[in-house]
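Just below is one structure, and these are the notes that go with it.
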Amino acid sequence: SQEQAILLAFNTIKGTISVLEHEGISPKNLRDMVTSKGGTTEAAITQLDKADFSERFKAALNAARERAKQLSDSIKFS
């Protein structure tokens, strides 16, 4: 169900953050540790790389940051 999918995604993210904090490793190192050669994660990452996802994601974050700066610059404090 959608409710179960949301709970699973939430707990996966929560567990990932816990491992990153506890082990003191980077997200890329953790991904490398859990990515099986020829597995589902590797297949997904391959497709994201083909679509230049990383660069598009960076561009989206930069656009959001620039817009946030514009909005904060327009606020007048008294």
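Each of (1) 19, 55, 20, 5, 0; (2) 19, 56, 24, 2; (3) 14, 25, 36, 17, 7, 1 is a candidate for P(r) over Cα pairs in 10 Å bins from 0, in percent; the one calculated from this structure is (3). In the context of the full set of protein chains, residues of the chain present 90 Å² of accessible surface per residue (probe radius 1.4 Å, heavy atoms only). Highest GNM mean-square fluctuation among Ala68, Ala43, Ala60, for the chain modelled with Cα contacts below 10 Å: Ala68.
Under a 10 Å cutoff between Cα atoms, tell me which one of Thr35, Thr12, Thr46 has the largest fluctuation in the Gaussian network model of the chain. Between Thr35, Thr12, Thr46, it is Thr12 that shows the largest mean-square fluctuation.
In the Gaussian network model of the chain, springs joining C-alpha atoms below 10 Å, which of Leu61, Leu48, Leu30 carries the largest mean-square fluctuation? Maximum fluctuation in the GNM of the chain, among the listed residues, is at Leu61.
Among the lysines of the chain, pairs at least eight places apart or on separate chains and with Cα atoms under 27 Å apart come to 10. Legend: helices of the chain (whole DSSP H runs) are marked when their alpha-carbon atoms reach 20 angstrom or more along the helix axis and their mean Kyte-Doolittle hydropathy is at least -1.0; marked are 2-23, 53-74.
The values are calculated or read from the model by the stated rules, or taken from the named source; none is laboratory data. Quick caveat: nothing in here was measured; it's all calculated off a predicted structure. What goes into the accessible areas is simple: the full protein's heavy atoms, side chains included, and nothing from ligands, DNA or RNA. Shrake-Rupley method; radii C 1.70, N 1.55, O 1.52, S 1.80 Å.
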